[in-house]
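The numbers here are math on the coordinates, done by the rules we state, and not lab data. Keep in mind the model is a prediction, meaning the values are calculated, not measured. Quick reminder, even Gly has a Cβ in these numbers, built from the backbone with ideal geometry, and neighbours come from all protein chains shown.
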Amino acid sequence: MPKKSDKPLTPEQVLDKMAKYCAYQERCLKDVKDKLKTFDIAQEAKSEILDYLLDNRFVNDERFAKTFARGKVNQSGWGMNKIRFHLVQKGIAKDIIDEALGQTDEEAYRQRLISILKSKSKTVKAENDYERNRKLAAYAMQKGFESGLVWEVLKESF
């Protein structure tokens, strides 16, 4: 296996790598700062790179939060609570999180929950309806769905 060069990267090379890192998929400011820390260049150069990425819209927490929320609801089947928790972990501001979660289509979100519960109900082993619904509710809440919505859907659809 060829050995990686021990020659340190120049700030220009780091900027190029960071631009590609940001262009590949949406990144939040915290992720970009963490990635920048891995490069052995002067702190001043890191600050200049970060400023460049921000000024040229490579990094935008608002755009990241909206994309993250939409993807997690549609692709991963996450509920709002789990999405909110992960966005907080990423250092996203509360008002940005609220705006991103507010963009979610409520009916599509509800249908996603129903789909998840129907799929899970096929594999749940329970002795009675109460136990089955309790297990389904626990599963949905573990995925981040709000308890009120979960129980409402279970009462209406199951």
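So the values come out like this:
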| read-out | value |
| --- | --- |
| Cβ charges +1 (Lys, Arg) and -1 (Asp, Glu), total dipole of the chain, debye | 840 |
| Solution diffusion estimate, µm²/s, Stokes-Einstein, the chain, Kirkwood Rh from C-alpha pairs, 20 °C, viscosity 1.002 mPa s | 117 |
| Dipole of the chain, positive direction: furthest Cα of Ile96, Tyr109, Val32, with charges on the beta-carbon | Tyr109 |
| Exposure proxy ranking, count of Cβ atoms within 10 Å, fewest first, for Arg134, Arg112 | Arg134, Arg112 |
| Distance histogram in 10 Å bins (all Cα pairs of the stretch 61-102, percent per bin) | 34, 62, 4 |
| HN-Hα J in Hz across the stretch 34-50 - Karplus 6.51, -1.76, 1.60, θ = phi - 60°, x for Gly and Pro | 4, 5, 4, 4, 6, 8, 8, 9, 4, 4, 4, 5, 4, 5, 5, 5, 4 |
| Relative contact order of the stretch 34-134, defined on C-alpha pairs under 8 angstrom at six or more residues apart (%) | 23 |
| Largest-first principal axis extents, alpha carbons of the stretch 106-157, Å | 33, 20, 19 |
| Average silhouette area of the stretch 1-70, convex hull of alpha-carbon atoms, in square nanometres | 5.7 |
| 222 nm mean residue ellipticity, helices alone, for the chain (DSSP H n ≥ 4; -39,500 (n - 2.57); rounded to 500) | -21000 deg cm²/dmol |
| J(HN,Hα) series, the stretch 104-109, from Karplus relation 6.51 cos²θ - 1.76 cosθ + 1.60, nearest Hz, glycine and proline x | 6, 6, 4, 5, 5, 4 |
| Sequence-distant aspartates and glutamates (8 or more away, or on other chains) whose Cα lies within less than 14 Å of Lys35 | Asp16, Glu26 |
| The stretch 106-157: relative contact order as a whole-number percent, Cα under 8 Å and 6+ apart | 34 |
| Karplus 3J(HN,Hα) series, Hz, for the stretch 14-29 with 6.51 cos²θ - 1.76 cosθ + 1.60 (x for Gly, Pro) | 5, 4, 4, 4, 5, 5, 5, 4, 6, 6, 4, 7, 4, 10, 9, 4 |
